[in-house]
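*Asks:* If you scroll down you'll find the structure; I have some questions about it.
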Amino acid sequence: MNPHLQNLHPYPFEKLNQLKAGIKPPSSLEPIMLSVGEPKHPAPDFVKAALCGSIDSLAQYPSTRGCIELREAIAQWIGQRFNIRSTALDPELHVLPVAGTREALFAFTQTVVDHSTASKPLVVCPNPFYQIYEGAAILAGADTYYLNCTAEEGFIPDLDSVSVETWKRCQLLQLCSPGNPTGATLSLQYYKQALELAEQYDFIVSSDECYSEIYLDEQQPPLGLLDACRQLGRDNFQRCLVFHSLSKRSNLPGLRSGFVAGDPKLLKSFLNYRTYHGCALSLPVQNASIAAWDDESHVITNRQLYREKFAAVAAILEGTLPFSLPPAGFYLWPQTPIDDIQFTRDLYANENITLLPGQFLSRETDRGNPGRNRVRLALVANIDQCVEAAQRIKRFTLNL
């Protein structure tokens with residue numbers, strides 16, 4: 001067996017199931033799950049129609065690169081969303097369809113970690129974080145360095161806190177904007193600093209942007225890494241890859257469809273890896289994906305639904321649990337008056353509400369644990385359930 005398997009941490013939801021084991025919440029209260037970031041809004045009907053309408057193509061093997069029509073649709077969407085001219089984004093060179101960001105983030109880390117260096121490879125990632133960043137690094141045989149995201153820093157990972165010795169070992173800087181679970185977004189100046197460090201110390205910048213299409217201000221969409229490259233005159237996207245998905249944007253988590261885009265040299269190597277990895281999208285999935293990337297109206301509607309839920313829940317919880325309204329994403333990341341694990345367990349026992357403890361998403365560092373005494377609320381249920389959950393959370397908190 002791969003010896004690195006024994007170094008993996010239990011997945012957050014495995015720990016959550018253990019935490020809830022043996023507890024019988026009040027049967028009179030409807031169970032409400034705010035722990036899993038699984039969109040619950042309806043999948044677009046026209047995407048379902050495109051999927052079913054091409055079902056006969058299941059008789060064909062799909063190519064790992066994906067059909068040119070899908071890559072063209074993705075390239076066009078990137079250009080419109082991130083203000084990148086068509087001549088700077090070639091669907092033959094800069095785009096690669098993938099089976100969702102989770103699969104691609106994991107596989108890309110396996111592709112780029114290099115053990116021929118004098119020191120052990122290092123992946124630098126935010127803390128708290130999406131667990132795939134850490135698990136991918138561990139199974140690739142790399143160490144992980146955690147950048148705490150705290151309220152004092154606006155929940156932005158502090159690049160200045162990293163030593164020269166650490167940057168020298170770094171092979172991959174994993175960013176996430178909008179952040180999971182904080183919803184924080186990165187600025188042009190932040191990307192500029194990250195890219196300058198990447199050049200100086202010869203590492204890759206990977207940006208997980210799967211929450212980029214859920215934001216509160218319709219006039220201020222989050223900046224993406226490729227857009228930052230454009231503004232900084234880095235049209236070749238050297239050392240940079242972005243990861244996007246239809247899961248959150250289009251309420252299609254079960255479709256398992258997304259893309260990676262950026263540096264053509266990196267994508268060429270990643271395609272080679274994926275040819276053996278065997279994660280090509282079926283042709284019906286590709287056709288459904290084309291329909292989704294080609295339409296923006298359903299995404300605008302989706303954002304409005306989340307805005308309504310944020311407004312309703314924030315109005316109820318204000319003054320009860322300290323939190324800052326995030327600019328993007330669909331999570332709240334409030335402080336708890338007691339230990340976050342105890343808060344989650346007792347809330348479930350008393351109110352039949354399931355949240356995710358902050359410590360299940362973070363690691364202890366020499367600067368503390370940024371997930372301690374925080375919980376993640378995924379506002380994915382319908383608005384009535386979110387309002388009911390917020391009222392129960394308020395009642396429980398006031399009775400502590």
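*Asks:* Structure shown: which of LYS40/LYS192; LYS48/LYS265; LYS20/LYS40 lie over 26 Å apart, alpha-carbon to alpha-carbon? Please report the intermediate quantities before stating the final value.
*Replies:* Details: LYS40/LYS192 36 Å; LYS48/LYS265 35 Å; LYS20/LYS40 23 Å.
Listed pairs above 26 Å: LYS40/LYS192; LYS48/LYS265.
*Asks:* Return the whole-Å distance between the Cα centroid of the stretch 52-79 and the Cα centroid of the stretch 322-376.
*Replies:* Here the answer is 39 Å between Cα centres.
*Asks:* Quick one: order SER282, SER289 by neighbouring beta-carbon count within 10 Å, fewest to most.
*Replies:* Details: SER282 19, SER289 29.
Ranking SER282, SER289 by Cβ neighbours within 10 Å, fewest first, gives SER282, SER289.
*Asks:* Right, another one. Where a Cα-Cα gap under 22 Å defines reach, which lysines qualify for LYS120, not counting those fewer than 8 residues away within the same chain?
*Replies:* Within the straight-line limit of under 22 Å, LYS120 reaches these lysines: LYS168.
*Asks:* With the chain treated as a Gaussian network of Cα nodes joined by springs under 10 Å, which of ALA288, ALA311, ALA390 yields the largest mean-square fluctuation?
*Replies:* Judging by the Gaussian network model, the answer is ALA311.
*Asks:* Which percent of Cα pairs goes in each bin when the distances of the chain are cut into 10 angstrom slices starting at zero?
*Replies:* It works out to 5, 23, 32, 26, 13, 2, 0, in whole percents.
*Asks:* Which of CYS67, ALA184, PHE396 sits closest to the plus end of the dipole of the chain, meaning its Cα is farthest towards the positive end, when Lys and Arg get +1 and Asp and Glu get -1 on the C-beta?
*Replies:* The Cα lying farthest towards the positive end belongs to PHE396.
*Asks:* Starting from the Cα coordinates of the stretch 171-290, work out the convex hull volume and express it per residue in Å³.
*Replies:* Values: hull volume 15.6 nm³, N = 120.
Normalising the Cα hull of the stretch 171-290 by residue number yields 130 Å³.
*Asks:* In the calculated pair distance distribution of the stretch 254-324, what percentage of Cα-Cα distances lie above 14 Å? Let's see the in-between values first.
*Replies:* On the way: 1887 of 2485 pairs.
Every Cα pair in the stretch 254-324 considered, those over 14 Å come to 76 percent.
*Asks:* Classify the stretch 1-97 as rounded, prolate or oblate from the Cα gyration tensor: take a ≥ b ≥ c as the square roots of its eigenvalues, call it rounded if a/c is under 1.5, otherwise prolate when a/b beats b/c and oblate if not. Mind showing how you got there, number by number?
*Replies:* Values: a/c = 2.19, a/b = 1.75, b/c = 1.25.
Prolate shape, in that a/c is at least 1.5 and a/b is the bigger ratio.
*Asks:* Restricting attention to the stretch 267-324, which GluC sites (Glu not before Pro) occupy a DSSP loop and are surrounded by at most 16 other Cβ atoms within 10 Å? Provide the component values of the computation, followed by the final result.
*Replies:* On the way: sites: GLU296, GLU308, GLU318; in loops: GLU296, GLU318.
For GluC sites (Glu not before Pro) across the stretch 267-324 that sit outside H, G, I, E and B with at most 16 neighbouring Cβ atoms in 10 Å, the list reads GLU296, GLU318.
*Asks:* Counting each DSSP H run of 4 or more residues in the chain as -39500 (n - 2.57), what helix-only mean residue ellipticity at 222 nm follows after dividing by all residues, to the nearest 500 deg cm²/dmol? Let's see the in-between values first.
*Replies:* Working: 14 runs with 159 residues, N = 400.
Only helices count here, giving -12000 deg cm²/dmol.
*Asks:* Check cross-link reach from LYS394 to the aspartates and glutamates: straight Cα distance under 18 Å, and skip same-chain residues fewer than eight apart.
*Replies:* Answer for LYS394, where 18 Å is the Cα cut-off: GLU30, GLU318, ASP339, ASP340, ASP346, GLU351, ASP384, listed by chain and number.
*Asks:* For the chain, what are the DSSP H helices with axial Cα length of 27 Å or more and mean Kyte-Doolittle hydropathy of at least 1.6? If you can, show how the numbers build up before the last one.
*Replies:* Working: long enough: 297-317 (30 Å, 0.27).
Span-like helices in the chain: none at all.
*Asks:* When VAL162, VAL123 are ordered from fewest to most other Cβ atoms inside 10 Å of their Cβ, what list results? Display every interim value, and only then the final one.
*Replies:* Numbers: VAL162 17, VAL123 27.
Ascending Cβ contact count within 10 Å gives the list VAL162, VAL123.
*Asks:* OK, next. Suppose every K and R has +1 on its Cβ and every D and E has -1 on its Cβ; what is the size of the dipole of the chain about the Cα centre, in Debye to the nearest 20? Intermediate results must be reported in sequence, preceding the final value.
*Replies:* Values: 35 positive and 42 negative charges, 113 e Å.
Using Cβ point charges on Lys, Arg, Asp and Glu, the chain gives about 540 debye.
*Asks:* Taking 8 Å as the Cα distance limit and 6 or more residues as the minimum spacing, I'd like the relative contact order of the chain as a percentage. Mind showing how you got there, number by number?
*Replies:* On the way: 748 pairs, mean separation 101.4, N = 400.
For the chain, the relative contact order is 25 percent.
*Asks:* Could you tell me which residue out of TYR276, VAL242, PRO253 lies farthest along the dipole of the stretch 51-295 toward its positive end? Charges go on the beta carbon: Lys and Arg +1, Asp and Glu -1, centred on the Cα centre.
*Replies:* The Cα lying farthest towards the positive end belongs to TYR276.
*Asks:* Output wanted: per-residue J couplings in Hz (rounded whole) for the stretch 363-380, from phi through Karplus 6.51 cos²θ - 1.76 cosθ + 1.60, θ = phi - 60°, x for Gly and Pro.
*Replies:* Running phi through 6.51 cos²θ - 1.76 cosθ + 1.60 with θ = phi - 60° gives 10, 6, 10, 5, 9, x, 10, x, x, 5, 6, 9, 10, 9, 10, 8, 7, 9 Hz.
Read the figures in this text as sums done on the coordinates, not as results from a lab. Just so we're clear, the structure is a prediction, and the values are computed from it rather than from any experiment. Note that we place each Cβ from the backbone using ideal geometry, even for glycine, and neighbour counts take in every protein chain shown.
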